[in-house]
Every structure is written in structure tokens, then in C-alpha cells.
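Engineer: This is the structure I have questions about; it appears just below.
The values are calculated or read from the model by the stated rules, or taken from the named source; none is laboratory data. What you are looking at is a predicted structure, and each value in this text was computed from that prediction instead of being measured. Ideal geometry is used to build each Cβ from the backbone, glycine not excepted, and the neighbour counts take in all protein chains shown.
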Amino acid sequence: MPLPPGPSVAAEGTSQRRVWRNGLTAFLTLVTTGVIIKGRDTTAGVPTAWRVVITVLIGGGLALAVAGLWQVLAAQAGTRYRLSTRQDIRRTYGAVEAYEVAVADEAADKLGAGRRLVVAALISLLAGGGVSWWAPAAPPNHPPISGSPATTPSSAASCARLAAAAVHESDATDPGDPEAPI
């Protein structure tokens with residue numbers, strides 16, 4: 001019984017690979033742009049160890065997304081085939097149709113691998129985002145405030161110098177003040 005008229009399996013596979021390629025390209029562009037724009041601001045207040053974890057997760061996610069896109073592009077474009085003549089194809093596969101099926105199978109395998117890599121990329125990127133939201137804030141890097149129990153003699157001396165400078169500053173005149181004596 002003949003097959004009903006309609007799109008061929010190869011044409012349908014090519015269309016599916018094209019859709020995946022375009023979607024992954026857009027996804028990778030958006031995620032990379034977001035990481036570049038928000039990356040430093042998001043991790044600036046996080047302790048170094050947590051920053052390393054976030055960087056590994058997000059960087060790994062981007063690498064997995066690129067690898068997935070590469071697989072989908074290879075499925076879309078095909079690979080270099082060593083068999084260049086019909087005689088070579090018939091000798092290896094028996095018929096041109098068997099060769100086309102083998103090429104379609106290889107493309108389907110690459111598309112599947114690309115999908116799995118993208119799922120892993122999404123998990124890694126989402127984990128990196130989650131860790132960045134829940135990571136503890138870095139401890140403050142400023143010296144203790146004068147009068148606090150952690151005040152040291154050197155910080156007390158610094159505070160005394162600042163207080164003395166403030167007293168002398170009030171005696172100084174502003175050269176830009178129109179009412180200042182000449």
C-alpha cells in the first residue's frame with residue numbers, strides 16, 4: 001500500500017531541527033545578555049566561596065547551552081559525508097534510500113543529544129540563579145565604629161584625628177564664598 005501524499009519524514013525532521021536551532025539561538029542570546037548585564041551586580045555582595053559556586057553553575061550552564069546548540073546545528077546542517085558518489089553509497093548502504101535513512105537517524109541522534117544538553121543547561125542556570133538569591137551576604141569590610149566594644153587603640157587614634165580635623169575645618173573659609181573676608 002503506497003504512503004499518503006504529504007511532507008516527507010526528512011522534510012519534517014529538517015523543519016523540526018530548524019525550529020530547535022532558532023529557539024536555542026534566541027535562548028542562548030538572552031541568557032548570555034542577562035548574565036553579562038546583571039552578573040557582577042548580582043554577585044558583588046556574596047562571599048567568595050558562594051561567588052565561585054554561582055560562577056561554576058552559570059558558566060557551566062552557558063557551556064552546556066553552547067554544546068547543545070552545536071549539536072542542533074550539526075543536526076540541521078549535517079556532517080561531511082565521506083561517501084561522495086552514488087556507487088560509494090550503494091556499496092556501503094545498498095541503496096540511496098538506506099543512506100538517507102542513516103543520515104536522518106544520525107541527525108535525530110544529534111538533535112536528541114542537543115535537547116539533553118539544553119535541559120542540563122537549564123538546570124544549571126536555574127541552580128545558579130537560585131544560589132545567587134539564597135547565598136548569604138558578605139560580611140561588611142568597614143572598620144568598627146568608635147565607641148563600639150571592638151574599638152582598638154589605632155582606630156581610636158584615627159577617630160581623634162578626624163575629630164580634630166573637623167574642628168579646624170569649621171574655622172577655614174570657603175574661597176568660593178562671596179561673604180568671605182579677603
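Engineer: If you scan the stretch 82-100, which residues turn out to be closer than 22 Å to residue 17 by Cα and either modelled with pLDDT of 90 or more or surrounded by 12 or more Cβ atoms within 10 Å (Cβ to Cβ) (or both)?
Structural biologist: 98, 99, 100
Engineer: Quick one: would you say residue 57 is assigned to a helix (DSSP H, G or I), over 27 Å from residue 19 (Cβ atoms), modelled with pLDDT of 90 or more and within 17 Å of the chain's Cα centre (by Cα)? Lay out the reasoning, then the answer.
Structural biologist: Details: assigned to a helix (DSSP H, G or I): yes; over 27 Å from residue 19 (Cβ atoms): yes; modelled with pLDDT of 90 or more: yes; within 17 Å of the chain's Cα centre (by Cα): yes.
Answer is yes for this residue.
Engineer: Restricting to the stretch 19-48, name every residue that is basic (Lys, Arg) and crowded, with 17+ Cβ neighbours inside 10 Å.
Structural biologist: Of everything in the stretch 19-48, just one residue is basic (Lys, Arg) and crowded, with 17+ Cβ neighbours inside 10 Å, namely 21.
Engineer: Collect the residues in the stretch 18-54 that are assigned to a helix (DSSP H, G or I) and of a type in the set (Gly, Ala, Ser), keeping them in residue-number order. Lay out the reasoning, then the answer.
Structural biologist: Within the stretch 18-54, the subset assigned to a helix (DSSP H, G or I) is 18-43, 48-54.
Once the filter is applied, which keeps residues that are assigned to a helix (DSSP H, G or I) and of a type in the set (Gly, Ala, Ser), the stretch 18-54 yields 23, 26, 34, 39, 49.
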